[in-house]
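Here is the structure we will look at.
FYI, it's all coordinate maths here, none of it is from the lab. In this text the structure is predicted, and so the values were computed from the model without any measurement. Virtual Cβ from ideal backbone geometry, glycine too; neighbours counted across all protein chains shown.
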2 protein chains.
Amino acid sequence: MTEGGDGVALGPGPEFDRIRAVWRALGGHGAALGDDAALVEVGGERLAISTDLAIEGQHFRLGWLDPVEIGWRAAAGALSDLAAVAAQPVGVLASVGVPGERSEAFLTELMDGVARAAAYVGAKVWGGDLVRSEHVTIDVVVVGRAPAPVSRAGARPGDGLWVTGRLGGAVTAVRAWSEGREPSAEARARFAHPTPRIAEGAWLRDRGARAMIDLSDGLVGDAGHLAAASGVVCVIEADRVPIHASADWESAIAGGEEYELLVALPGETPDSLGREFEVEFGVPLTHIGRIEEGTGVRVVRNGQPVDVEGGFSHF
Amino acid sequence: MTEGGDGVALGPGPEFDRIRAVWRALGGHGAALGDDAALVEVGGERLAISTDLAIEGQHFRLGWLDPVEIGWRAAAGALSDLAAVAAQPVGVLASVGVPGERSEAFLTELMDGVARAAAYVGAKVWGGDLVRSEHVTIDVVVVGRAPAPVSRAGARPGDGLWVTGRLGGAVTAVRAWSEGREPSAEARARFAHPTPRIAEGAWLRDRGARAMIDLSDGLVGDAGHLAAASGVVCVIEADRVPIHASADWESAIAGGEEYELLVALPGETPDSLGREFEVEFGVPLTHIGRIEEGTGVRVVRNGQPVDVEGGFSHF
């Protein structure tokens, strides 16, 4: 989606009202806004660029993650934006703010986490910035090649709705920490070491993906963004949603903080595609619903509509 | 300068020791580090990319600047990194963190400042990220075309050392605020509304600039980076340094927080180039010293060496 600043189609919520107001304020200067990554033409090549800001106390706490994990998670979150548009990462930059009392080892381990995530997807670390700050702050910028990007806006009535992975683990870990408990190793790994679905995004594009988004705001929240961008309704059959072993149903439906892909595929796509995907990538691809005419998100359970408020807000 | 992670040539100082350690930790993943902007080859075109993080309380205070100025200054600082490598800005992304109690107007004005700085240099706002944070936080990413970049590393003995603008105003404003006084309008403008020297950087490149750097760390500090990258000594004749009307000599020599360019030009460059520059851009270009064999920075006043500790640290 490329909009000139007179509004970006996102789902409902005060956070998104703010983003809309900001883009409106950009007026004619804005370009290529509204997808997970900005898609821009430079030198005859289509690039996807995204920037992702994570701040201690807002997005993670120091007691939850070690520095390598903080760096990995921040970079994986930004890289996930490239996965969602089926781009191939090329380079990563990281701006880092650390308190003066933090050791040099903390900083090098944090950057090591960034570098590992970059290397995992075949990207290089191009540079960054280093400043002093009260709270650990990390902004990761990712640049990728996107010769054939997938947007949020291409879903059409009749398409099927699919999701990668098993959902709810990351938010289950956050809930445990917030309640003073240690999460299970499996839930913790979902938060601390998310996998950017780069190869998966390209594979889905090659199988005809019409629209794609990553689940940073949770299944219902991000389905709302995809529905708004495409001008359709996303119907989610709750019983089909793959739930992470550590999680309950509500966490899987509404929880965010993880980076799986939600994708609209042509209606005729056979469910056997899910098995092919799992053989290829070792994680499931599940047919969880469909695209219909209308607007918004409808969650259905046992044939009955379920009222789900659009995703948890960030803690 | 393109180094593979085994060390980046910067001037002395604990802040720079940290940066060196981080780049060392990146090992083989690092690329194109050590200049103001990362220089990368994408799609047959050379791009310059930089990311610049500014945090309330570290880089500015809310009582000093209005939101438009915060946005302008953050974007101008990042754009200045492109000026220093003689790149032409194409696009800007901004990740912004704001406290929950800040109004929507604050956020839109801040982004308006970013958009104005981008428009000033002919770049578009491509997108960004918006999160909640305790302190106002803004990371600006800039992407430019750099078909013929200038690095920090090309200065050679016999070159002349030149600087754009008049120095010391920005740090004079910061000192006034820190002492509870209101700075003069002229000093304030130098901090609140710095001009990224984009056209100037390209002009200097076309006049044979061998090495260039912007003065975010101050004249002596950044001369140290240029000297280290080029493997030379920068000799600065203090009496020639153009001092901003609001500033004293020490602020001009050692103060940072402003975005003029320090440039090494061939030794045969006539001083009349400074007049041509001033006619073109309305600000002076001053011949302030020379490049000699050796290492580090030597400040000379009335023919005598002066001991200047490498620039003020950030407040």
### Charge dipole magnitude, Cβ of K and R +1, D and E -1 - chain B, Cα centre, debye nearest 20
320
#### Entry: Relative contact order for chain A, counting Cα pairs under 8 Å that sit 6 or more residues apart, in percent
21
### Query
P(r) tail for segment A:160-306, what percent of Cα pairs lie past 21 Å?
40
### Task
Report the residue, chosen from A:L79, A:L130, A:L262, that carries the largest GNM mean-square fluctuation when chain A is represented by alpha-carbon nodes joined by springs under 10 Å.
A:L130
### Message
For a Förster distance of 25 Å, can you work out the FRET efficiency between the beta-carbons of B:E186 and B:V300, rounded to the nearest 0.05?
### Response
0.35
### Message
If you restrict to DSSP beta bridges whose two residues both lie in chain B, what percentage is antiparallel, to the nearest 5?
### Response
75
### Task
For the protein assembly as shown, evaluate the Debye formula with one uniform point scatterer on each Cα (no solvent term) and list log10 I(q)/I(0) at q = 0.09, 0.10, 0.12 Å⁻¹, rounded to two decimals.
-0.70, -0.84, -1.16
#### Entry: Cβ-derived FRET efficiency at R0 22 Å, B:Y120 paired with B:D206, nearest 0.05
0.60
### For B:R116, inter-copy label distances in nm, listed shortest first [label point 7 Å out on the Cα-Cβ vector]
4.5
### Query
Say a label goes 7 Å from Cα toward Cβ at B:P284 in every copy; what distances in nm does this one have to the rest, shortest first?
7.3
### Query
Which GluC sites (Glu not before Pro) does segment B:94-175 hold that lie in a coil by DSSP with at most 15 other beta carbons within 10 Å?
B:E101
### Query
Hey, any idea what Rg/Rh is for segment A:40-145, computing Rh the Kirkwood way over Cα pairs?
1.00
### Task
Provide the per-residue ³J(HN,Hα) series for segment B:138-143, in order, calculated from phi with Karplus coefficients 6.51, -1.76, 1.60 and θ = phi - 60°, each as a whole number of Hz, with x at glycine and proline positions.
9, 10, 10, 10, 10, 10
### Message
Suppose R0 equals 41 Å. What FRET efficiency, 1/(1 + (r/R0)^6) with r the Cβ-Cβ distance, do A:R240 and A:E101 give to the nearest 0.05?
### Response
0.25
### Message
Run through segment B:195-291 and list the GluC sites (Glu not before Pro) located in a DSSP loop whose Cβ has at most 10 other Cβ atoms within 10 Å.
### Response
B:E268
### Query
Within segment A:40-145, what percent of beta bridges assigned by DSSP are antiparallel, to the nearest 5?
70
### Query
For chain B, what are the per-bin percents of Cα-Cα distances with bins 10 Å wide, up to the bin holding the maximum?
6, 27, 36, 23, 6, 0
## Note on the structure
One would report the antiparallel percent of DSSP beta bridges in the protein assembly as shown, rounded to the nearest 5, as 75
### Task
Taking every Cα atom in segment B:131-237, find the radius of gyration and the maximum pairwise distance Dmax, and write them in Å.
16.8, 52
### Message
Suppose you put the label 7 Å out from Cα in the Cβ direction; list, shortest first and in nm with one decimal, how far B:D239 is from each other copy's label.
### Response
9.2
